[in-house]
Amino acid sequence: MDRPLRLISAETIAGTPIDAVARTIEALLVVASQPLSVEELATAVDDETERIETALGLVRERHAEGRSGIVLERVAGGYAFRAAREAAEACARLFERPVERGLSQAALETLAIVAYLGPVSRPEIARIRGVAADSTVAALVERGLVAEAGRENAPGGAVRYRVTPLFERVFGLDTLAELPRLDDLGGEPDAIRERLLAVAEARAS
Amino acid sequence: MDRPLRLISAETIAGTPIDAVARTIEALLVVASQPLSVEELATAVDDETERIETALGLVRERHAEGRSGIVLERVAGGYAFRAAREAAEACARLFERPVERGLSQAALETLAIVAYLGPVSRPEIARIRGVAADSTVAALVERGLVAEAGRENAPGGAVRYRVTPLFERVFGLDTLAELPRLDDLGGEPDAIRERLLAVAEARAS
Amino acid sequence: MSSAARDLELDLDAFEGPFDLLLTLVLKEQLEPAEIDMAAIVVAFVQHLAERDEIDLDACGEFLVLISALLELKARQLFPEEGAELAELEPEEAAEELARRLAEYRRMKEAAVWLRERLAAERDRYFRLGPAPLAPRAERRLAPQEPALLATALAGLATPPPKVSLSHMALRFPPVGQFLERFRAVLRRRRVFDFDGEVASLPRIEQAVAFLALLELRKNGEVALAQAAPFGPIRVARTERERMNAWTVRSA
């Protein structure tokens, strides 16, 4: 499949200079309301992903910290524009950050559970946290950080939840795979297990 | 109050080169979801409107047709970025959504409740589904499948919703009387409502 | 009975006020045990104890009984379907399961810390949340749908969840005095008895109250307690002199 594709792309190169592709990408990113993946960009531009990647390189160069107030960022599996960090103070004066303001400990723990184990139901979240999760989950849905994702098993099952692309944007993650590995968290489960086993043995004897 | 403010901003002039002000304006405009007036920009940048106007000139120059995919536009409420005209075709392709095959579980359940029991309020939908209904109902309203239909009882009551003609078209129904009957639940909306609320209560306990 | 436990002032997310009011609300089903942070109650009680010069055994015993009952209520509410499952587990398996859950929660707590740090680091990253002011409007079109889908969705909502019986959870506390009398009667016949054997046939909650009575007798100096190992059987022996004093006072 390599050969014909290369031929077509040679022709396209002749048709649209790469700089024009870069400008079109700028235009798409400035009107999009979500990060756009390379594939989405390729479909909209009607060009090959390879050329999109090359053009993205130009856009990244033009929109880098210190050079432009608009910065290209790779996030949530795609590309998006954001404000340069030097403008953070000015942004703070004009825009609220209602999504992230006052995320409580309960909210963060619930987010962690949904991010790692989602789709996951409220009873499951409650089982892990030991506290009913209803109001916390409702608040996270309201903020757009968490969304419904079907029901457990079907009829009568509990509603399940997953994190949204907005979650990835707010926490600056390209994908959920960037979360720390679960195995690296939580320290020594073996120690807890041993302590509990000791108790169980004493009781059984 | 005028005097001290002017003094402070005079110092800022010395501190911030006009090019940095232009970059900050770029940043503000790329984050805003409304056009920003010169006054709003001045407040956010913490600088004088005159300097903002000068910096806007730089931004306009940098973001002009043919030079950038992002174009500064003066509109009723102030300034905003738009896509360059050369990218119009690509933008049209980006916003042309493919036809969606199906609805989410949340949307289907909510539509079913509104179709069979409507007009019905969000609190009642939430009670039956066991999940806050705000975002799902809002999404269905935005898609034109559900619309407001007065308020519960007198003024001050909760807004009630019904399905729309578009809903009937999508589901191939001439009237709501053609909705499939539920053997188990009977046809009377009041009976269905009572049954659903009873089950919901059992689920929540 | 001492009121130290019941008077405990609580300041929780779901409730603010004295502990006995919280209990009343739970028993009247006006407050969900699932909404209550039990650990915070325990911490409050321990703090309350620390502020006092001497340990009030009555209050401790009463508190243990009440908090255990609350915990059981809460556990059954949170995991209604699990009671039977867990009851069938061997102690080793139960410990394994509990360890797994504790480790899981600990990992999630650390993940929450990571998320908080991440959020702080991203504080100066601003991006647009809504559509761009001058963006074209996207129209969402939906393929034709089957009306049967609506009927199925509604039927799903009308499907009752599996029934869970909570009948055995009715909280009936026998008075502590009942066990005081019972143990005194046993001690009149025998100098030593085995607590575990004496209460083995009783329901959990009554065993807890019986234990409270045991602490009361010990506090009065009427009995001496001995236990060879943690969780081993508790041997209760009458202390002759103290018993005589108590006897005298009571018969006067």
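What's the ranking of B:177-188, B:118-129, B:72-83, C:118-129 by average number of surrounding C-beta atoms within 10 Å, highest first?
B:118-129, B:72-83, C:118-129, B:177-188
Amide H neighbours of B:Phe171 under 5 Å, counting only residues 5+ apart in sequence or on other chains, H built in-plane at 1.01 Å?
Counting only residues 5 or more places away or on other chains, the set is C:Gln145.
Partner chain Cβ atoms within 10 Å, averaged over the residues of B:96-103 - can you pull that number for me?
Counting other chains' Cβ atoms within 10 Å and averaging over B:96-103 gives 5.
In straight Cα distance, which aspartates and glutamates are under 16 Å from C:Lys219, not counting same-chain residues fewer than 8 positions off?
C:Glu54, C:Asp56, C:Asp58, C:Glu62, C:Glu181, C:Glu240, C:Glu242
Over the Cα atoms of segment B:105-204, what Rg and Dmax result, in angstrom?
Here Rg and the maximum Cα pair distance are 13.2, 37 Å.
Please give me the summed charge of the neighbours of B:Glu96: other residues whose Cβ is under 10 Å from its Cβ, Lys and Arg +1, Asp and Glu -1.
Local net charge: +2.
In whole Hz, with x marking every Gly and Pro, tabulate ³J(HN,Hα) for segment B:70-75 from phi via Karplus 6.51 cos²θ - 1.76 cosθ + 1.60, θ = phi - 60°.
Residue by residue, segment B:70-75 yields 9, 10, 7, 10, 8, 10 Hz.
Tell me, what is the FRET efficiency for C:Asp196 and A:Thr49 to the nearest 0.05, using R0 = 60 angstrom and their Cβ-Cβ distance as r?
Using R0 = 60 Å, I get an efficiency of 0.25.
Return the Rg/Rh ratio of chain B with Cα-based radii and a Kirkwood Rh.
On the way: Rg = 26.6 Å, Rh = 21.9 Å.
Taking Rh as the inverse mean 1/r over Cα pairs, Rg/Rh reads 1.21.
Rounded to the nearest 0.05, what FRET efficiency is calculated for B:Arg97 and C:Glu146 with R0 set to 25 Å and r the Cβ-Cβ distance?
Working from the Cβ atoms, E equals 0.70.
When Cβ neighbours within 10 Å are restricted to other protein chains, what is their mean count per residue of peptide B:167-173?
So the per-residue partner count for this stretch is 4.
Are there any chymotrypsin sites (Phe, Trp or Tyr not before Pro) in segment C:191-234 that are in a DSSP loop and have at most 16 other Cβ atoms within 10 Å? List them by number.
On the way: sites: C:Phe193, C:Phe195, C:Phe211, C:Phe231; in loops: C:Phe231.
When the chymotrypsin sites (Phe, Trp or Tyr not before Pro) of segment C:191-234 are filtered for loop state and at most 16 Cβ neighbours within 10 Å, C:Phe231 remain.
Find every distance from the label point of A:Glu96 to the corresponding label point in the other copies (7 Å from Cα along Cα→Cβ) and write them in nm, one decimal, shortest first.
3.9
Count, for each residue of B:38-51, the Cβ atoms from other chains sitting within 10 Å of its Cβ, then give me the mean as a whole number.
2
Given H placed on each backbone N at 1.01 Å, which residues far from C:Thr239 in sequence or on other chains put an amide H within less than 5 Å of it?
Result for C:Thr239 returns C:Val223, C:Ala224.
Place the peptides B:107-115, C:52-60, C:180-188 in order of packing, highest mean first, counting for every residue the other Cβ atoms within 10 Å and averaging per peptide.
Answer by packing, highest mean first, reads B:107-115, C:180-188, C:52-60.
For label points placed 7 Å from Cα toward Cβ, what is the shortest-first list of nm distances from B:Glu178 to its copies?
5.0
Just the Cα atoms of segment C:175-237: what Rg and Dmax do they give in Å?
Reported Rg and Dmax, both Å: 10.8, 29.
Cut-off is 10 Å between beta-carbons; in what order do C:Lys219, C:Lys109, C:Lys28 appear when sorted fewest neighbours first?
On the way: C:Lys219 13, C:Lys109 18, C:Lys28 8.
So the ranking, lowest neighbour count to highest, is C:Lys28, C:Lys219, C:Lys109.
With the Cα gyration tensor of segment B:10-95 in hand, give its eigenvalues times 5 under a square root as the equivalent ellipsoid semi-axes, listed largest first in whole angstrom.
26, 13, 10
Would you please give the FRET efficiency between C:Arg235 and B:Val38, computed as 1/(1 + (r/R0)^6) with r the Cβ-Cβ distance and R0 = 60 Å, to the nearest 0.05?
Once rounded, the FRET efficiency stands at 0.10.
Amide H to amide H under 5 Å from A:Ala149: which residues, 5+ apart in sequence or cross-chain, H placed 1.01 Å off N in plane?
It is A:Arg160, A:Tyr161, A:Arg162, by chain and number.
Give the nm distances, rounded to one decimal, from B:Val141 to the matching residue in every other copy, measuring between label points 7 Å along Cα toward the beta carbon; shortest first.
Those label-point separations list as 1.6 nm.
Every read-out reported here was derived from the displayed coordinates using simple, explicitly stated rules and does not represent laboratory data. Predicted model only: the values in this text are computed from it and were never measured. In this analysis, Cβ positions are derived from the backbone assuming ideal geometry, glycine residues included, and neighbour counts consider all displayed protein chains.
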